[in-house]
Structures are given as C-alpha cells and as structure tokens.
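Engineer: Handing you this structure, nothing more for now.
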Amino acid sequence: MNQPLYTTEILRLAASLGETRSLEREDGSAERRSPTCGSRVQTAVEVDEDGRVRAVSQQVHACAFGQASAALLEQGATGLDPSDVEAAIVSIEAWLAGSDDQPRWPNIAALAPARCRQSRHAAILLPFRSLAAALADAAERRCEGGPPAP
C-alpha cells in the first residue's frame, strides 16, 4: 500500500509554524520564490558577532511541505553559520533526490514522503535557500558597515 503524502507528522509540523516574529535586530533579509510551485518565503535573520544565526523570522506562503520545512528550519537554525546552511541544502537536496545518506537536520525524516514527489522538493528547500540568502545579506551589510551591534 502507498504511504500517504500528507502524514499526520507533516501536517503537525506545518501547523506548528508560528506567526512572523519580531527580531531584536534585523541583520539580513531575503525572499525566495519557487517557480515550480509558487511558494514564497521571506526570511529575516539576526546574527552574532561571528555571523552565526541568533534568531530567524519567516513569513511563509507555501504548501504543507514548505510550511513543515520552515518549521524544521526554525527548530534547527540557531548557531549555524552560512557554510552550515549551505551544507544542509546540499545534503537535503541529495537526500530528496534519492541518496541514502540522511541529512543531519533535526526531524528531517518527517519529510520523507516527499522524496518520491519531485514537485515538492522546491517547496522543501525554499526556507533553507531563503535563510542562506538572508545570511549572505547579513554578511554583505556587515562588510559595508562593520559588525552588528550586540
């Protein structure tokens, strides 16, 4: 029998995505859209003096998989630097494409039903790509104006 696409866990994760939260300071921001499915994620990030994620705020307009992925991103992003996020994107992308190596991201296995549905991959990766772009924006702003305020 086929496994259902929208499992209870995916729907629970999607529903757990909270409202856009206010950051103490917005060090970088970005918006990414998926031409495949029309999903959109706006991300703002607050970083520490080393460029690591201190806090994330997202505005997500996506399917249940995109919302669930954004919820997982919020749960695991604190403390990551841009190279960590890029590595996560690469490993999640490979896993979605069929690699047996499960990405080191908390609870990512909940999204396993989408592995055989390529049309859902873009929505799952979108929050991660938006975070990577927001961190790049934070790094650029930092170069232009010095380190973020404590």
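The values are calculated or read from the model by the stated rules, or taken from the named source; none is laboratory data. Just so it is clear, the structure is predicted and the values come from calculations on it, not from any experiment. Cβ coordinates were reconstructed from backbone atoms using ideal geometry, including for glycine residues, and neighbour counts include every protein chain displayed. With ligands, DNA and RNA removed, areas are computed over all heavy atoms of the protein, side chains included. Shrake-Rupley method; radii C 1.70, N 1.55, O 1.52, S 1.80 Å.
Engineer: Just checking my list [x] 54, 42, 28; [y] 56, 36, 20; [z] 57, 30, 26 against Cα extents along the principal axes in Å computed from this structure; which label fits?
Structural biologist: Among [x] 54, 42, 28; [y] 56, 36, 20; [z] 57, 30, 26, the one derived from this structure is [z].
Engineer: Right, here's the next one. Ordering Asp84, Asp50, Asp27, Asp100 from largest to smallest accessible area (1.4 angstrom probe), what's the sequence?
Structural biologist: Reading off the accessible areas and sorting them downward yields Asp100, Asp50, Asp84, Asp27.
Engineer: Using the beta-carbon distance between Gln102 and Leu23 and R0 = 25 Å, what value does 1/(1 + (r/R0)^6) give for FRET efficiency, to the nearest 0.05?
Structural biologist: 0.20
Engineer: Once a ≥ b ≥ c are taken as the square roots of the eigenvalues of the Cα gyration tensor of the range 45-93, is the result rounded (a/c under 1.5), prolate (a/b larger than b/c) or oblate (a/b not larger than b/c)?
Structural biologist: oblate
Engineer: Could you work out how far apart the two model spin labels at Ile89 and Leu11 are, taking each label as a point 7 Å from the Cα in the direction of the beta carbon, and quote it in nm?
Structural biologist: 3.2
Engineer: While we're on this one: Ignoring GluC sites (Glu not before Pro) that are buried or in helix or strand per DSSP, and keeping those with at most 11 other beta carbon atoms within 10 Å, what is the longest stretch of the chain between them? If you can, show how the numbers build up before the last one.
Structural biologist: Details: sites that count: Glu19, Glu24, Glu49.
Formally, the longest exposed-site-free interval is 50-150.
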